[in-house]
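Structure record follows, encoded as structure tokens.
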Amino acid sequence: MRVRRIAAVLGAAVALFAVICVVRAARLEPYRIETAPADSSIAGAPFTVDRLRAALRFPTVSTQDSAQFDPAPFLSLHDWVTTAFPNVSRRLTREVVAGYSLLYTWTGSDSTLDPFLLMGHLDVVPVERGTESRWTHPPFEGVVADSFVWGRGALDDKTSVIAILEAVEWLIGHGFEPRRTVYLAFGHDEELGGSSGAGQLAAILQARAGRLAFLVDEGGVIAEGLIPGVDRPVALIGVVEKGSIGVRLTVEQTGGHSSMPPRHTAVGILSQAITRLEANPMPARLTPVVEEMLLRVAPEMPLIARIPLANLWAFRPLIVRALQKNDRIGATLRTTTAATMVSGSPKENVLPIVARGLVNFRILPGDTPEMVLDHVRRTVDDTIVHVEGRGREASPVADYKAPEFMVVEKTILQLFPRAVPVPFLMIGGTDTRHYEGLTRNVYRFNPIVATTELVSGAHGTNERVRADDFVRAARFYAQLIRNAQ
């Protein structure tokens, strides 16, 4: 009889638990904010891709080897911008910074209002030598075909630069004058970290403005099909980006002839160390930003998928395990481990005296470079392997409850009414880190619709953007500038 009572109590508890979980899931309401329709003239503004096509023809390539840097395309692009956007050149003050970056100032009528900044970068990554024939259209010709604009920089990041300039050109032409000063900053070395371009641009703004209301740079996109179970587009607004550290592993041995090898060569020892690191990543967890993102998209999912997200108190470990199966989402849950570079002997039959490896870690908010180094030493657990590295922590988390964030959200919904705007953890890096002292409100967002296939084109082959998306991006920036006043 006692066993039956215990079973009955357990059964009732399980039933009550299930009811609570289902009710909480059913009560999740879609994220909504009130916003007026987009300005009718902006919503119908006849932007074209002509100037984007022209900008893609300038091979403004950033190279790791500074000796290979070619300044001519950057200077030619500067000259072209001056003539291609006459209203911008007439009304805004232009400065060339660090030789090749551009800073524009659109002075507002009310100097008591904090200015804001729209950013992009002029440089692009190289096209890997020997892969040019794999492109459907040449990477530096700005071809329009099959409803796309093709070319290196179409996604990263000339669409942002040219769309911003298109928006300002159009607004000036239609008599708009800002109350709040608007800065436009276009760095020339973002792909190398931005220390020269963005670093000097930020220093100028620090001295001149002191602080910014907010800034918008490249980052998240309007994601279609990137989040499993969500049919609506999701506007990923980056509010924090991971830190990074390159950990160098060095193994020194005696060397010698390959015909008399030791049990493990320096390369073998190094390989074992790297294998241990790959097999034992740092712990996965949900950060507050990722939690907020999941809670905002949960109401768009079927009820069965909503249940665990609406009850994180009970299902958190299950959710973390499930999300790790998706590489893209899983990267937002932990400090990631990526072995990227190795070197050893200079010749096939020579035992290496020194073997070196580099493992790149992208650091989750809350972790530190010191924690990564400690993890590496404990995981490798071999005193023969020398471990060293310097890195930076994740950026500060932008305020996604702030009125400035709501301005970005509202603008998104005006141009992309079906989208669900969410705060987003950036797994890559931008040069916004140079501006962190100017504002807490650092938002990273590209107003373009992207699928997995399109996103893979950035830094890869067949980089392209939909022509219609570029037009909507220009409208987005025009509406954002209006809304921010």
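The values are calculated or read from the model by the stated rules, or taken from the named source; none is laboratory data. Keep in mind it's a predicted model, so treat the numbers as computed, not measured. Ideal geometry is used to build each Cβ from the backbone, glycine not excepted, and the neighbour counts take in all protein chains shown.
Checking Glu34 against (1) among the acidic types (Asp, Glu); (2) touching a residue at least 12 places away in the same chain (Cβ under 8 Å); (3) loosely packed, with under 10 Cβ neighbours inside 10 Å, only one condition comes out false. Which one?
All conditions are met except number (2).
Which residues, taken from the stretch 348-368, are in contact with a helix residue (DSSP H, G or I) (Cβ under 8 Å, 6 or more places away or on another chain) and crowded, with 19+ Cβ neighbours inside 10 Å?
Correct list: Leu351, Pro352, Ala355, Gly357, Val359, Phe361, Ile363, Pro365.
Scan the stretch 201-223 residue by residue and report those that are assigned to a loop (DSSP other than H, G, I, E, B) and out of contact with any strand residue (DSSP E or B) (no Cβ under 6 Å at 6 or more places or on another chain).
Passing the criteria: Ala209, Gly210, Arg211.
One line per residue, one yes/no per condition, for (1) surrounded by 14 or more Cβ atoms within 10 Å (Cβ to Cβ); (2) more than 19 Å from the chain's Cα centre (by Cα); (3) farther than 17 Å from Ile427 by Cβ:
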residue: Met301; (1), (2), (3): yes, yes, yes
residue: Ile304; (1), (2), (3): no, yes, yes
residue: Ile307; (1), (2), (3): yes, yes, yes
residue: Trp313; (1), (2), (3): no, yes, yes
residue: Pro317; (1), (2), (3): no, yes, yes
residue: Asn326; (1), (2), (3): yes, no, no
residue: Thr332; (1), (2), (3): yes, no, no
residue: Val342; (1), (2), (3): yes, yes, yes
residue: Pro346; (1), (2), (3): no, yes, yes
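Report those strands (runs of 3 or more DSSP E) wholly inside the stretch 61-171 carrying at least 1 residues which are aromatic (Phe, Trp, Tyr), modelled with pLDDT of 95 or more and in the same structural domain as Ala467 (by TED's automatic domain parsing).
Qualifying strands (runs of 3 or more DSSP E): 101-106, 116-121, 148-150.
Identify, from the list Asp399, Asp382, the residue that is assigned by TED's automatic domain parsing to the domain that holds Gly268, in a loop (DSSP other than H, G, I, E, B), touching a residue at least 12 places away in the same chain (Cβ under 8 Å) and touching a helix residue (DSSP H, G or I) at 6+ places or on another chain (Cβ under 8 Å).
None of the others qualify; the one that does is Asp382.
Looking at (1) under 24 Å from Gly197 (Cα atoms); (2) within 20 Å of the chain's Cα centre (by Cα), find the lone condition where Arg390 falls short.
Result: Arg390 passes all but (2).
Yes or no, residue by residue, for (1) part of a helix (DSSP H, G or I); (2) within 20 Å of Thr383 (Cβ to Cβ):
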site	(1), (2)
Gly238	no, no
Ile274	yes, yes
Ala322	yes, no
Glu348	no, no
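Quick test for you: out of Val380, Val455, pick the one residue that is farther than 30 Å from Ile204 by Cβ and crowded, with 19+ Cβ neighbours inside 10 Å.
None of the others qualify; the one that does is Val380.
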